[in-house]
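The values are calculated or read from the model by the stated rules, or taken from the named source; none is laboratory data. Every value quoted in this text rests on a predicted model; they were computed, and no experiment measured them. Neighbour counts run over all protein chains shown; Cβ positions are idealised from the backbone, glycine included.
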Amino acid sequence: MLARLTGLWGVILTRLTAGLWTRRLTRAEGVEAKVLRRWRAQSRRLLRLTRTLDELATRRLNGPVSTSAVIEVPPDATMVFRPALLATAQEPAGHAGPASNTAVAPGVTLFHDMPRADALIRQRPGPDGRHACEIELWGGGGSFLSLALALPEAEAQATRREDLIRLAYDIGAEHPTEIFARLNLSHGPNVEEVVRQVDLRAGTNWLEFDVFYTDFEPERVNEIWIDLMFDPRTANRITLRDILILRRPRLSL
C-alpha cells in the first residue's frame, strides 16, 4: 500500500513540476531579469540532477554496451582506423543539447540544424575496453544531425584514386530510421562527395566508396572525412557500437 501511495505521489509531483516549468517557459520573455536569472539557476540545478539520474538508470537497466566482434578486416587493408569517440574514453563523456560544430572527440565533430538542439550524445563503456556512442534524439525538428569522422592527416595523404574506402559498422536503433554516410574528399579548393545509405538490416555491416569515380586529386589533398547523417525529426535512440574506416586497393576487385 505504501509503495502504491509513493508511486502515485511521484506521478502527481512530476506533473506539478512539469506544469510549473511549462508556465515559466511561456512567461520567460516578459519577466524581469532578476526573476529570469533565478529561474535559470534553478533549471540548471534540476538539469544536473535529472541528467545524472538518467545516466545512472541507463547504466543499470541496459548494462554495459557490448561492442562489436563481428566486423572483419579485409586481408588487403592498408588502413584500419577507429574514430576516437569509439576507441578511447572522452571527457566529458556526454553532451546535452549540443551546439552545432561541437567537437565531441578528437577528429569527431557534431553538426545539426535543430532549432533547440533536442539531442544527447554520450559514450558508454564496453566490456572489451572500447566504447560505444549513444545518440538520443527527442524529435525537436531540424533536417539533419551528423557526426563528421575525420581521417588522420597521414592517412588522408596516403589515399589514392585507386583506393576503396570502406565504412564498417555495428549500429542499432530503437525505431526504424534512415542513416546516410557521405565521403568527403577535400583537395585544393574542391570537395568531392559520395553518398551511400547505411543498411541496418541483419547481416549487412559495411559499405564502400570507390575513389576512382571521383575527380579527387591526391597530390592536392587537404583532408578526408565521412559524415554519418541521422534524421532528428522523430524521437529515437541510436547506438554506435563500433565503427571502422578501412582503405584497400580497388585492384583487388
- Message: Here are the criteria: (1) part of a helix (DSSP H, G or I); (2) at pLDDT 70 or above. Tell me which single one Val31 does not satisfy.
- Response: (1)
- What are the residues in region 133-163 that are among the polar types (S, T, N, Q) and in contact with a Lys or Arg (Cβ under 7 Å, 6 or more places away or on another chain), if any? Thr159
- Message: I'm trying to understand the selection: among the residues of region 79-132, which are more than 22 Å from Gly172 (Cβ to Cβ), modelled with pLDDT of 90 or more and in contact with a Lys or Arg (Cβ under 8 Å, 6 or more places away or on another chain)?
- Response: Met79
- Query: What about Arg166, is it without any contact (Cβ under 8 Å) to a residue 40 or more places away in the chain, out of contact with any helix residue (DSSP H, G or I) (no Cβ under 9 Å at 6 or more places or on another chain), outside any loop (DSSP other than H, G, I, E, B) and of a type in the set (Lys, Arg)?
  - Reply: no
- Item | region 102-118: number of residues that are surrounded by 14 or more Cβ atoms within 10 Å (Cβ to Cβ) and either within 18 Å of Gly140 (Cβ to Cβ) or not assigned by TED's automatic domain parsing to the domain that holds Ile135 (or both) | 7
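I want to confirm something. Restricting to region 121-156 and keeping residues that are without any contact (Cβ under 8 Å) to a residue 60 or more places away in the chain and buried (at least 19 other Cβ atoms within 10 Å of the Cβ), which single residue is nearest to the chain's Cα centre (by Cα)?
Ile121
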- Message: Is it the case, given these coordinates, that Asp199 is under 25 Å from Ala119 (Cα atoms) and of a type in the set (D, E, K, R)?
- Response: yes
- Message: Cβ-Cβ under 9 Å, sequence separation 6+ or interchain: first residue in region 97-120 and of a type in the set (Ser, Thr, Tyr), partner in a loop (DSSP other than H, G, I, E, B). Which pairs?
- Response: Ser100/Asp113; Ser100/Met114; Ser100/Ala117; Thr109/Asn101
- Task: Please state which of the following conditions Thr159 fails to meet, knowing it meets all the rest: (1) closer than 30 Å to Pro98 by Cα; (2) among the hydroxyl-bearing types (Ser, Thr, Tyr); (3) in contact with a Leu (Cβ under 8 Å, 6 or more places away or on another chain).
- Result: (1)
